[in-house]
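Novice: Provided herewith is a single structure, encoded as structure tokens, for subsequent inquiry.
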Amino acid sequence: MKVAVIGNGNVGMAAFGELIRMPEIREVALVGRNVERIRAEVDDYADAQILRLAPGAKISGGGYEKTAGADILIYAAGAAQKPGQTRLELVEENVRITRQIFGEINRYNRESIVICLSNPVDIITAAVRDCTGRPSEKVIGTGTLLDTARLKKYLSNLLDVSPSSVTAYVLGEHGDSLCIIWSATRISGLPIDEYFSSVLENEAHIRQQTMTDMVRNNAGKIIRAKGSTAYGVAAAAGRLVQAIIHDTRDVMTVSVLLEGEYDKKGFAVSIPCIVDRGGAHVAAELPMTLDEKEAFEASAAVIAEITGKFIMKGKENEIE
């Protein structure tokens, strides 16, 4: 199994570090325009591999030709989100960069599964699908996989249970309009309000809006304090890679191009998907309450509008 990481910014390097520790991966290539910097990063990691005295993946670095033969591409290139900036404000620049990069990559690799980390990830997922022609299941955005993990973190800390005891789904945009499907949230198999009643013996309820705001604002808080996020999304990419390699068929909330599912078509948004060696396949539609469905519809509408505007605009600006 060969994996290529495209981009050597904070997210790309965090993903590279995550992947080279996976014994299932034969080779990890770091890819980008600045080949001198790329090779220096690889040399630095090679020193670390020697000192760890543990076998690891073969590592290499270079230009886009290094994507040849890769089974999975991790796309982490583009401009990073700045403090106070929304993910959607990155759209125009990062769609343009994505088209340029995959115009090069298409010369060397058209078959691999692509995992998109770059923001705004839902728009970028649609852009990669559009400019590579891959089947929808082979272009996966990390989407709300990280937001779902953050929700599990908050709930497990609040209730003093293991995160593995929490079942939760964050759907929609990986951004300000994300929505939590509270009706599907379970603690040790119990609906969350039933769990409160059982454990606390009263009618206590989770403060849903407060918790939603915490999940929504988590990335912004990290970016304001340290300038960027990297480790969480890199771990999300690693989780997807392992699911693909081991054909686990785990259900994850990831961003895929919809082709009629949830009565939506032509844009990418996060919904529950089964991830296996073939990519991400839309799972059975998740039941929602009326309020949850309205929130999901509103989030999807945000992504649909931006996708229609910027993906088509990018096409119009291409040089024939």
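The values are calculated or read from the model by the stated rules, or taken from the named source; none is laboratory data. Bear in mind that the values here come from a model prediction, so they are computed numbers and not experimental data. Ideal geometry is used to build each Cβ from the backbone, glycine not excepted, and the neighbour counts take in all protein chains shown.
Novice: Going by the conditions given, is GLY227 touching a residue at least 12 places away in the same chain (Cβ under 8 Å) and closer than 19 Å to ILE180 by Cβ?
Specialist: Criteria not met by GLY227.
Novice: Of the conditions (1) assigned by TED's automatic domain parsing to the domain that holds SER270; (2) over 12 Å from the mean Cα position of the chain (by Cα), ALA149 fails just one. Which one is it?
Specialist: (2)
Matching residues to (1) in contact (Cβ under 8 Å) with a residue 40 or more places away in the chain; (2) assigned by TED's automatic domain parsing to the domain that holds ILE72; (3) over 13 Å from ALA237 (Cβ atoms):
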site: GLU18; (1), (2), (3): yes, yes, no
site: MET22; (1), (2), (3): yes, yes, no
site: ALA29; (1), (2), (3): yes, yes, yes
site: ALA40; (1), (2), (3): no, yes, yes
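Novice: Counting only residues that are free of Cβ contacts under 8 Å to residues at least 12 places away in the same chain and more than 13 Å from the chain's Cα centre (by Cα), give me the strands (runs of 3 or more DSSP E) lying completely in region 71-144 with at least 2 of them.
Specialist: Output list is empty.
Novice: How many residues are touching a Cys at 6+ places or on another chain (Cβ under 9 Å) and either of a type outside the set (Gly, Ala, Ser) or more than 20 Å from LEU258 (Cα to Cα) (or both) if we restrict to region 170-194?
Specialist: Number satisfying all stated conditions: 3.
Novice: Restricting to region 3-37, name every residue that is within 21 Å of ARG99 (Cα to Cα) and surrounded by 22 or more Cβ atoms within 10 Å (Cβ to Cβ).
Specialist: Residues satisfying the conditions are VAL3, ALA4, VAL5, ILE6, GLY7, ASN8, VAL11, GLY12, ALA29, LEU30, VAL31, GLY32.
Novice: Oh, and also: Would you check if THR253 is under 19 Å from LEU171 (Cα atoms), of a type in the set (S, T, N, Q) and exposed (fewer than 13 other Cβ atoms within 10 Å of the Cβ)?
Specialist: no
Novice: Then there's this: Considering only region 261-296, state which residues are small (Gly, Ala, Ser) and under 18 Å from GLY133 (Cα atoms).
Specialist: Matches in region 261-296: GLY266, ALA268, GLY278, GLY279, ALA280.
Novice: Would you check which residues across region 213-227 are surrounded by fewer than 18 Cβ atoms within 10 Å (Cβ to Cβ) and either part of a helix (DSSP H, G or I) or out of contact with any Pro (no Cβ under 9 Å at 6 or more places or on another chain) (or both) and list them?
Specialist: ASP213, MET214, ASN217, GLY220, LYS221, ILE222, ILE223, ARG224, ALA225, LYS226
Novice: Going by the structure shown, is TYR154 more than 18 Å from ALA295 (Cα to Cα), crowded, with 16+ Cβ neighbours inside 10 Å and aromatic (Phe, Trp, Tyr)?
Specialist: For TYR154, the condition - more than 18 Å from ALA295 (Cα to Cα), crowded, with 16+ Cβ neighbours inside 10 Å and aromatic (Phe, Trp, Tyr) - is met.
Novice: Please verify whether region 171-181 includes one or more residues that are at pLDDT 95 or above, part of a loop (DSSP other than H, G, I, E, B), of a type in the set (Val, Ile, Thr) and under 16 Å from the mean Cα position of the chain (by Cα).
Specialist: Within region 171-181, not a single residue is at pLDDT 95 or above, part of a loop (DSSP other than H, G, I, E, B), of a type in the set (Val, Ile, Thr) and under 16 Å from the mean Cα position of the chain (by Cα).
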